[in-house]
Amino acid sequence: MWETILLLFLSIFLFVGKGWALPSALPDLDGWTSGSLFSKELVDSSKSHGIWLQRTYLAPGGRRLEINLLSGPGAGDLYIPQKDVEKDDRPLGFGATYRTLTVGKYRALLEVYPHVGPALSVQLPQQTTLNLESKNLTEAELLDIAQHIISEIENDL
């Protein structure tokens, strides 16, 4: 009897599984004060399509970092070309540069706007995108923090 119930439960679990990552938090960062975690399930009237996590981090000296993690089919896959790309938005843009790179084993896109600062988007498994933005961090700092966050959440993906 209990085998039948267990088999039924496992069958239901397999067929209604979400099929996308469900990280539950963004980790704390050493030397930073972590703001409260914003968490929003991406839903329509019939089902869940993923999750959006956002957190602001503050460091001494007024440095600020915004991190967003979007996961699931509602967020979709981030497209990053497989070949290396390095471009700018001239002649009509504001002087932004764009570069593809890797963070650990994942493809990423680094955008640098002269008056706004760098933004890093990393394509993670299971329709998950990690995005870091800061007006006052260097590219190297963003890359280091992204690698740390990925190592903390990778098992949830």
Each label point is 7 Å from the Cα along the Cα-to-Cβ direction; what then is the distance between the points at residue 25 and residue 141, in nm?
2.4
Which value, in Å³ per residue, describes the convex hull spanned by the Cα atoms of the stretch 19-156?
123
Förster radius 22 Å - calculated FRET efficiency between residue 154 and residue 111 (Cβ-Cβ, nearest 0.05)
0.40
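Bear in mind these aren't lab numbers, they're just calculated from the coordinates by the rules spelled out. Bear in mind that the values here come from a model prediction, so they are computed numbers and not experimental data. Heads up, the Cβs are rebuilt from the backbone with ideal geometry, glycines too, and the neighbour counts pull from every protein chain shown.
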